[in-house]
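The values are calculated or read from the model by the stated rules, or taken from the named source; none is laboratory data. Bear in mind that the values here come from a model prediction, so they are computed numbers and not experimental data. Positions of Cβ are generated from backbone atoms using ideal geometry, with glycine treated the same way; all protein chains shown enter the neighbour counts.
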Amino acid sequence: MEIVRRLNVAFNSGAEWIDFYDPEAELHMPAQWLDDPVFRGHEGLRKALRLWREGFDEYHWEEERLIDGDDCVVGLYRHRGRIKRVDGTWIDQPIGCVWRFRGDKILRLDGFFSWEAAIEAGGVRE
């Protein structure tokens, strides 16, 4: 869980975050994502972040809770951002992640637009 916490701090501060991921890592976007649903490798992860953030002037994730599973960590977050071109309107919504590891590197991240879906996918209990 500590790796996921440190990753979130790096992500929100603009620090380098890619080294938390295995070079063969995969990011599986939420089912409602309109672009490519899967991004692979470090370059794919960077592309996904660019696509995710391009609609925002400001953006960050606030950790609500991490749940340690048998073979994963489930992260429950609020993602907040100021939307570009919409009079500075802010979003504030739940987002869930299932993090799977190879050693101390993230091998796979599955994203969900609900905490319930992430908890179910991770096979954990609240």
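Determine which member of the set Tyr59, Tyr21 is buried (at least 17 other Cβ atoms within 10 Å of the Cβ), in contact with a Lys or Arg (Cβ under 9 Å, 6 or more places away or on another chain) and at pLDDT below 90.
On the way: Tyr21 fails: at pLDDT below 90.
On inspection, the qualifying residue turns out to be Tyr59.
Which condition number in (1) out of contact with any strand residue (DSSP E or B) (no Cβ under 6 Å at 6 or more places or on another chain); (2) without any contact (Cβ under 8 Å) to a residue 40 or more places away in the chain; (3) loosely packed, with under 13 Cβ neighbours inside 10 Å is the one that Leu49 fails?
Here Leu49 meets the rest and fails (3).
If the requirement is being of a type in the set (A, V, I, L, M) and under 18 Å from Leu27 (Cα atoms), which of these qualifies: Leu107, Leu66?
Answer to the check: Leu107.
From Gly41, Gly75, grab the single residue that is touching a residue at least 60 places away in the same chain (Cβ under 8 Å), small (Gly, Ala, Ser) and under 21 Å from Glu26 (Cβ atoms). Working first, answer last.
Working: Gly41 fails: touching a residue at least 60 places away in the same chain (Cβ under 8 Å).
Just a single option satisfies the conditions, and that option is Gly75.
Looking at region 112-126, which of its residues are over 17 Å from Glu63 (Cβ atoms) and among the aliphatic types (A, V, I, L, M)?
Hits for region 112-126 are Ala117, Ala121.
Look at Val74 and say whether it is at pLDDT 90 or above and part of a loop (DSSP other than H, G, I, E, B). Let's see the steps before the verdict.
Numbers: at pLDDT 90 or above: yes; part of a loop (DSSP other than H, G, I, E, B): no.
When the stated conditions are applied, Val74 does not pass them.
Take the residues in region 24-56 that are charged (D, E, K, R) and over 15 Å from Arg100 (Cα atoms), then tell me which one is modelled with the highest pLDDT. Walk me through how you get there before you give the answer.
Step one: of region 24-56, the residues charged (D, E, K, R) are 24, 26, 35-36, 40, 43, 46-47, 50, 53-54.
Next cut, over 15 Å from Arg100 (Cα atoms) only: 35-36, 43, 46-47, 50, 53-54.
On the way: Asp35: 74, Asp36: 79, Glu43: 97, Arg46: 94, Lys47: 93, Arg50: 87, Arg53: 81, Glu54: 83.
Among residues in region 24-56 that are charged (D, E, K, R) and over 15 Å from Arg100 (Cα atoms), the one modelled with the highest pLDDT is Glu43.
Return the pair list, or none, for Cβ contacts closer than 8 Å from residues in region 82-94 that are free of Cβ contacts under 8 Å to residues at least 12 places away in the same chain to residues that are part of a strand (DSSP E or B) and of a type outside the set (A, V, I, L, M, F, W, C), at least 6 apart or on different chains.
Listed pairs, sorted by first residue: Thr89/Arg82; Trp90/Arg80; Trp90/Gly81; Trp90/Arg82.
Any chance you could count how many residues in region 44-60 are of a type outside the set (Lys, Arg), part of a helix (DSSP H, G or I) and closer than 18 Å to Leu7 by Cβ? Before the answer, list the steps.
Initially, region 44-60 is screened for residues of a type outside the set (Lys, Arg), giving 44-45, 48-49, 51-52, 54-60.
Those left that are additionally part of a helix (DSSP H, G or I): 44-45, 48-49, 51-52.
Those still in the list that are closer than 18 Å to Leu7 by Cβ too: 44-45, 48-49, 52.
Residues meeting the conditions: 5.
Out of region 62-71, which residues are at pLDDT 90 or above and either outside any loop (DSSP other than H, G, I, E, B) or loosely packed, with under 13 Cβ neighbours inside 10 Å (or both)? Break it down into steps so the answer makes sense when it comes.
To start, the set of residues in region 62-71 that are at pLDDT 90 or above comprises 62-69, 71.
Hits for region 62-71 are Glu62, Glu63, Glu64, Arg65, Leu66, Ile67, Asp68, Asp71.
Of the residues Ile83, Ile91, Ile95, which single one is surrounded by fewer than 16 Cβ atoms within 10 Å (Cβ to Cβ), within 26 Å of Asp57 (Cα to Cα) and in contact with a His (Cβ under 9 Å, 6 or more places away or on another chain)? Outline the logic, then answer.
Values: Ile83 fails: in contact with a His (Cβ under 9 Å, 6 or more places away or on another chain); Ile95 fails: surrounded by fewer than 16 Cβ atoms within 10 Å (Cβ to Cβ).
Just a single option satisfies the conditions, and that option is Ile91.
Among the numbered conditions (1) of a type in the set (Val, Ile, Thr); (2) assigned to a loop (DSSP other than H, G, I, E, B); (3) under 13 Å from Val4 (Cβ atoms), tell me where Val98 comes up short.
Every condition holds for Val98 apart from (2).
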